[in-house]
Amino acid sequence: MPRNTAMTLRAILFDLDGTLVDTAPDLAAATDHALQSQGRAAVGLNAVRGMVGDGAIALVRKGLEATGGNTDPAMFDAAIAAFYAYYETNLSATSRPFPGVVECLRALRDDGYALAVCTNKPERFSLKLLHDLDLTQYFGAIVGGDSLPIRKPDPGHLHGTLARLPQPAKWAAMVGDSANDIDAAKAAGLPSVAVSFGYTRIPAAELGADRLIHHFDDLRSALHDLERQG
């Protein structure tokens, strides 16, 4: 059973897309739908993997820029609307937790860690995705890219997420796959763990995280090492 954490709360913040869940196929389908609704070519899964990380609006903008430029505000607004309409009903069609995620979350919870999601994904999509995948139960706070006035890499996004946990944390770390995650952790004064299987445009080993893991089976030991180091 989980330990009583009221006096000794330790917290782990997780990015969502490319860290906890492999969402790229559904994001790619929504992006291509949005582009094709405006007469643009599809960009496909591989391209979208390199565009994820700054939220839905930025994803659509990058898709338009890659297929002829983004110069028409009306086209941009229509593409965003098409993306949202499609993605809201298809966001968990093929998205699945990465291998080892569920087992790791259970173990961390039993270790006494408070868990939270800090993502640039819009809050309503984040909540629905986690609900659809039966992951909501593990998190004491879920904070999206539009939940606060700021978002990653602003450290205030991490601090704001920690503030929504039921108890103050005496120690916390960030787990993510991109520069937004690791840079936010550095600015917030928190240790970080990068995953190598996400969607980063920069190799994960070059993000400057305190630890790098290749599978969620390795996360608990990485976190324990970081905590021992203070």
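The values are calculated or read from the model by the stated rules, or taken from the named source; none is laboratory data. Given the structure is predicted, the values throughout are model-derived calculations rather than measurements. As a convention, Cβ positions derive from the backbone with ideal geometry for all residues, glycine included, and neighbour counts pool all protein chains shown. For the accessible areas, the whole protein counts, side chains as well, though only heavy atoms, and no ligand, DNA or RNA atoms are used. Shrake-Rupley method; radii C 1.70, N 1.55, O 1.52, S 1.80 Å.
Observations on the model:
- Residues of the range 65-107 classified as without any contact (Cβ under 8 Å) to a residue 24 or more places away in the chain and in contact with a helix residue (DSSP H, G or I) (Cβ under 7 Å, 6 or more places away or on another chain), total: 3
- Taking the criterion of being in a helix (DSSP H, G or I), surrounded by fewer than 16 Cβ atoms within 10 Å (Cβ to Cβ) and touching a Gly at 6+ places or on another chain (Cβ under 6 Å), the only residue of the range 212-226 that qualifies is Asp217.
- Among the residues listed as Gly230, Gly160, the single one being more than 13 Å from the chain's Cα centre (by Cα), open to solvent by 10 Å² or more (accessible area, probe 1.4 Å) and at pLDDT 95 or above: Gly160
- A single member of Val143, Val195, Val175 is within 22 Å of Tyr87 (Cβ to Cβ), among the aliphatic types (A, V, I, L, M) and touching a strand residue (DSSP E or B) at 6+ places or on another chain (Cβ under 9 Å), and it is Val143.
- Restricting the search to helices (runs of 4 or more DSSP H) fully inside the range 34-125 and requiring at least 3 residues that are within 30 Å of Leu9 (Cα to Cα) and modelled with pLDDT of 95 or more gives 101-111.
- Residue pairs meeting the criteria (Cβ under 9 Å; at least 6 apart or on separate chains; first among the aromatic types (Phe, Trp, Tyr), in the range 207-224; second surrounded by 19 or more Cβ atoms within 10 Å (Cβ to Cβ) and in a helix (DSSP H, G or I)): Phe216/Val101; Phe216/Cys104; Phe216/Leu105
- From the list Thr71, Thr94, Thr89, Thr31, the lone residue that is of a type in the set (Val, Ile, Thr) and open to solvent by less than 60 Å² (accessible area, probe 1.4 Å) is Thr31.
- Condition check for Gly39: farther than 22 Å from Ser92 by Cβ, open to solvent by less than 50 Å² (accessible area, probe 1.4 Å), without any contact (Cβ under 8 Å) to a residue 24 or more places away in the chain and not aliphatic (A, V, I, L, M): no
- Neighbours by Cβ (under 6 Å, 6+ apart or cross-chain): first from the range 150-165, in contact (Cβ under 8 Å) with a residue 24 or more places away in the chain and among the aliphatic types (A, V, I, L, M); second in a loop (DSSP other than H, G, I, E, B) and open to solvent by 30 Å² or more (accessible area, probe 1.4 Å): Leu162/Ala169; Leu165/Gly140
- A count restricted to the range 128-156 and to residues that are part of a helix (DSSP H, G or I) and under 12 Å from the mean Cα position of the chain (by Cα) stands at 2.
- In this entry, Leu16 is excluded by the filter for residues that are touching a strand residue (DSSP E or B) at 6+ places or on another chain (Cβ under 8 Å) and modelled with pLDDT under 95.
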